[in-house]
Each structure stands twice: as structure tokens, then as C-alpha cells.
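Asker: For reference, the structure I am asking about is given below.
The values are calculated or read from the model by the stated rules, or taken from the named source; none is laboratory data. Note that the structure is predicted; figures quoted are calculated from it, not measured. Using ideal geometry, Cβ is built from the backbone for each residue, glycine included, and neighbour counts are taken over all protein chains shown. Heavy atoms of the whole protein, side chains included, go into the accessibility calculation; ligands, DNA and RNA do not. Shrake-Rupley method; radii C 1.70, N 1.55, O 1.52, S 1.80 Å.
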Amino acid sequence: MNRLEKAAAASSITFLALAILVAAQHPATAYEPSIYTGTPMLYWVCLTFALLAGCVLLLVGSRPLVSLLVLGTSLLTVVALPMLRGYWLLGGGDPMGHLRVASQVANGADPLSILYPGMPALVEVIRELTGLPARIVLVLVGPIFFTVFVVFSGLIGRQLTRDPSGLVGGVVAGLLLLPINLVATHLYPHPNSYSILFAPVGLFLAISLVRSPDRARFTALLFFAVAMIVYHPQQAMNVIAVLAVFGVVWALTDTYRIRDIASEPLVSATAVMGVLWMTWILAQSRFEETFVTVVIGILSASPTDVTAGRGGTLTQLGSGVVDLVFRLFFIDIVASFFAGIAVICSLVWAAREVGFIRSSPNPAATSISIDYRAVFCLCCAFVPVMGFFGVFLASGVTQQFMRFIGFGMALATILVAVGLRHTLELSPIRTLRRSTVVTIVAVVLLTSALVGASLTYHTSPLNFRDTGHVSEASVVGYDTQFDHHAGVEMMHTRTPIWRYAYALEPMEPAPMVDYTGSYRDTVPPDHFANRSIHELYDTDRLLLTTEKDRWLDTELYDGVRYSDADFRYLIRQPGIDRTYDNGGVQAYYIHSNETS
């Protein structure tokens, strides 16, 4: 290593260590709307310099693995910020339910009795090995799957390019974390999202199998399939369809005879995987419910309900769908340019193979050792994913169609790696690598891309949401209200009571009914100030609001449902008493028309 490499390596490691120290020394003491603004600025400064030094080391150094380790670890700290800064939990929605299930498994429940037993089983294994509480392990799972995704994206890039530079391109593309769109895929505890991040493992095994078929690779692929199925059957369906198409196209591009497809090991493996998937899914009652919902949604021809509703809310906030798409998918759009290059090159290869193009390829292009046969198979594998996306989009089933976008971007990540390799080898940049100006520009662009990508790892006000911080004060507040519950029906403004009830009382069969009187939470009417809210109910109610609720309504959503005047009304209105306030949760006892 020359002096520049040594300086870059030492600087990157030093700044990375400082960033981790700063984050760990500044735990969250109250609810944080954004983990980006809640984390000290010094952390972000140190992280940026660590990435900058890592990019210098990557582009001018002779040891890419060291630079990739620095870059990967730096961005891993962003993924792990909720754990480093002591968040009680990340995600106040589904993760609360997953915490309930993990707690049940920790207390002896059978994981196989659950629809998605993969994550609670993994949490239990890690809990037994480390002795950490299930809640902390649940926050740890996200960084684990992030690491798996980045590593195997790099390994597949190396497979397809047959060159160490493919590993670099794959890891860099993986660090962009394109599958996480913050609409239907997230880094907080979410089996569907984690299944997508786990999918590259199967693609890596599949490529290994078609190149060198043997029993060990075949068996490893089946074990992977079982893991995917128990983690999330929906993404397992994606993987099986993708690998089936990959195997069929691989066989056809070998002999061009349909009868040889059945002898392809990957096709046989996906057939077995399909049987395993059907066996599992038919045993789950929820499969029938989802299937019926999708069919009814398609027949009712209401595919725009979700996007229309979201668009109307954004308009109220002074924004729009185009603005939101730009905020969420700018990095994806730029990266897709390189994926497009890989697609075009693979199509040109296929056209030459079948004789549609008879001209000789560019000598410079033939010098690039990219496995375009495998790349072409991967491009064809997008077809079933696009089909599933179309079906769920037409059904209007919440935002589940965005899950298929997330899975598609996992495949696109591999194409980005191939496109980067192709672009760098054929562009004039190759002859200008010794230019200081070009190196500086490349370092700045790469650093900016990685920093920009990290800003979409977690939800934030940038995309009109909060980070999902579940503060300890809110947990204590709800736990206190549950302990002192006297049979009065509870209500909420935004934070559902049943989420906390499920998380804090995992062994109770139906805690929600105990506190809300039904399986559905009740909320006060929008903009209830000066509307004599206590006269609306025949029985006494307890209204719970959190610091998060007030921030979302009064700051982020600018009073779309509840304004600051509504919350002030609760304090001054006769017939309403504030009975609890710990900073995170406020409880207001609403005397009914009968008792006031």
C-alpha cells in the first residue's frame, strides 16, 4: 500500500470508529420523529468522511476488499442506528405484532403454528445463543439481513462478470439497498422485506447449480427454499417462479430443444420447491382469504383506490405523487440506467445467438468476460414478477403490489452490478483512470450516491412519515394504563391501542377486547375541538394520545385530521380530565353525557 492508500484506510477506520462511538454515546431519550435529525450531526459528519475515505481507497487502492469492508460497515451502522441508539423498538405497526409472536415462541409456543414462523424462530435461536431479550434481537435481525443481501449481491456480481471487479460492483449496488422502497418494504422487523433481502442467496445457489450440477448444490437450494417458505410464502412464490424461468431459459439457450428442459437440474429443483410451497400454503387458512380478496379486487375494477387516496392526502400536504416518487426512488431511477445497459447487452447477445444479428461484435466488448447467458436468463426471470405485480395492482390490495417492485429491484441490483462493469470497461473513463480530476469526480459521485441511498434506509419526514420510533416512555405509558384499566373503553388518535396491547401482553389471547371493547379501535371524530366531544358517548371513555400522535398531526400532516387546537381543547374542556402524562403518553378521561 502506498501512502495515499494507507492514509485513506486509516482515515476511514478512524472516522467509522468515531461515528459508532458518537451514536452509542447519544441514546434516544424521547420520541424521535426522524432518526436522521435525532442522531447527532457529528455522527453524520464522521460517517460521510468515512465513506469518502473508503471511496478513495476503493478507486485508487489495490485492495478492494478492505475498502468494501469499510464502506459496508459504515452503512451497516446506519441500518443499525436504532439498536446503537437504544430504541425500544423500530416500527409501531407490524413489528409490535412480530414482537408478540417472538415473545410467545420464547415462552414455549410452537413456531410451526404461525403463518410466518421463520423470523420468530430465528429470533429465538439468536436469543438462546446471545442471552439478549427477544425485543433487542428483533431489532438486530434487520442489520443481519442487510449484510446477507450486500454480501450475496457482490458474490453474484462476481459470478456473472467472472472478474473481481464484479464483486465490487455487486457490493456497491447492494449498498444502495434498492429493494427497500419504504412503501411496502422496510428495514424494521418485517418478514416480507427480509425475505426479499434473503432472495440473492437462492439466486447465487441457482447459478452455481446450472454451471456445476451436483447433489450438494441441489440440496442446498432446497434448504434455501424451505427457509424462504417459512419466512414468507409470498416472496417464496416469487423466488420459485424466478428460478423456474431462469432454469427453463438456461436449458433452451443450451440446446434450443424443449425436450431437454426437464433434464435441467434447476428446473427439477424448482418443481420440488413448488410442491413444498403448495403443501405449506394450502395448510394456511390465510391463503384462501388473500386469494379471495385478490380475485374480488380484480373483479371490482378498483385498482386505483390506494394511489388515489394517497395522492389526495399528499395534495392536502402541499405535495404530490410525483414529488414523493422522486424522494423515494431517485437513487433507483439513476441505478436503473446501469441495469438497462445490462439488459440491452444481454438482448444483443441473445439476438446474435439465434441469428437475428449477424454482424461481428465489438472487439472491445468481447474482451469483457461477462456471462451474458446467465444475465439474459435473469432478465427473462422478471416476467413472472411483473405478472404478479400486475395482478396485485389490479386487485387494489393495499400496497402489496409494491412488494413485487421491491423484489424486482433485488433482481435489478444484480443487473446494476453487471451494467457498472460493462460501462466502466467500455467508456472513455477507462483510459482516464490516472487523471486526478476524473478520480476526484468519481469519488464525489460515489460518496454522494452512498450517502443519498442511506437517507432512504429508514422512513422519515422526507417521505411524509416518521421513522417509527417506539419510545420507552410510550411503552411505560401504555403499560401503566393497562395495569390501571378499570373497564373503561379506550380510544386513540393515531397510535392503535391494540398494537401495544399485543406487544405488552403477548400471552393474553385477546387483550384488545379487554381495553377497547371490540376487535377494532375507536377514534374521536376529526377536528373535535369545540364539538362537546364528551356528549358524543353514552359511556365514559379514556382517550390516549402519544407524543408521536401530536407530532404527526400538528407538524408533519399540518392538522389534516387533528390540529393543535384539538389537543388544547382536551385540556380546557369541562367534562374531560387529564389523568396521566409522562411525556410520551397522555390519558384523558372523557365523562359521558350520562355522568358529566
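Asker: Keeping all protein chains in place, calculate the accessible area per residue for the chain (probe 1.4 angstrom), answer in Å².
Answerer: 43 Å²
Asker: Moving to a separate point now. Suppose R0 equals 45 Å. What FRET efficiency, 1/(1 + (r/R0)^6) with r the Cβ-Cβ distance, do Glu353 and Phe223 give to the nearest 0.05?
Answerer: Here the calculated transfer efficiency is 0.85.
Asker: Hey, another quick one. Could you bin all the Cα-Cα distances of region 471-590 into 10 Å bins starting at 0 and give me the percent of pairs in each, rounded to whole numbers?
Answerer: That works out to 13, 48, 33, 5, 0, in percent per bin.
Asker: Right, next: At 0.36 nm per residue, minus the direct Cα-Cα distance, what do Thr293 and Val272 gain on full extension? Give it in nm, one decimal, please.
Answerer: That pair, Thr293 and Val272, stretches by 4.8 nm at full extension.
Asker: Once neighbouring chains are kept in place and the probe is 1.4 Å, which whole percent of the accessible area of region 471-590 is contributed by carbon and sulfur?
Answerer: The computed percentage sits at 46.
Asker: What number, rounded to the nearest 500 deg cm²/dmol, is the helix-based mean residue ellipticity at 222 nm of the chain, given -39500 (n - 2.57) per DSSP H run of at least four residues and division by all its residues?
Answerer: Value at 222 nm, helices only, nearest 500: -21000 deg cm²/dmol.
Asker: So what's the net charge close to Leu167: Lys and Arg +1, Asp and Glu -1, counting the other residues with Cβ under 12 Å from its Cβ?
Answerer: Cβ neighbours under 12 Å give a net charge of +2.
Asker: Can you pull out the trypsin sites (Lys or Arg not before Pro) in region 204-281 whose DSSP state is coil and whose Cβ has at most 11 other Cβ atoms within 10 Å?
Answerer: Here the trypsin sites (Lys or Arg not before Pro) that fit, given the DSSP loop and packing criteria, are Arg257.
Asker: Sticking with this structure for a sec: Would you give the gap between the C-alpha center of region 184-245 and the C-alpha center of region 76-124, rounded to a whole Å?
Answerer: Between the Cα centre of region 184-245 and that of region 76-124, the gap is 21 Å.
Asker: What does the extension gain come out to for Arg578 and Ser212, with contour length at 0.36 nm per residue minus their alpha carbon separation?
Answerer: Fully extending the segment from Arg578 to Ser212 adds 124.8 nm.
Asker: Follow-up question, since we're still on this one. What spacing in nm lies between the two simple spin-label points modelled at Ile344 and Ala10, each 7 Å away from Cα in the Cβ direction?
Answerer: 4.5 nm
Asker: While we're looking at this one, here's another question. Relative to the first principal axis of the alpha-carbon coordinates of the chain, what is the inclination of helix 118-130, with its axis defined by its Cα atoms, in degrees from 0 to 90 and to the nearest 10?
Answerer: That helix lies at roughly 90 degrees to the long axis.
Asker: What is the packing order of peptides 11-19, 240-248, taking the mean over residues of other C-beta atoms within 10 Å and listing the highest first?
Answerer: Ranking, from highest mean packing down: 240-248, 11-19.
Asker: Quick check: net charge around His458, other residues with Cβ under 14 Å of its Cβ, Lys/Arg +1 and Asp/Glu -1?
Answerer: So the environment of His458 carries a net charge of +1.
Asker: Just grab the label-to-label distance for Asn107 and Ala24, each label 7 Å out from Cα along the Cβ direction, in nm (one decimal).
Answerer: In this crude spin-label approximation the distance works out to 3.3 nm.
Asker: Using the charge dipole of the chain (Lys, Arg: +1 at Cβ; Asp, Glu: -1 at Cβ; taken about the Cα centre), state which of Ala10, Val245, Val275 has its Cα farthest towards the positive end.
Answerer: Result: Ala10.
Asker: Cβ under 10 Å from Val585's Cβ, Val585 left aside: what net charge do those residues give with Lys, Arg +1 and Asp, Glu -1?
Answerer: -3
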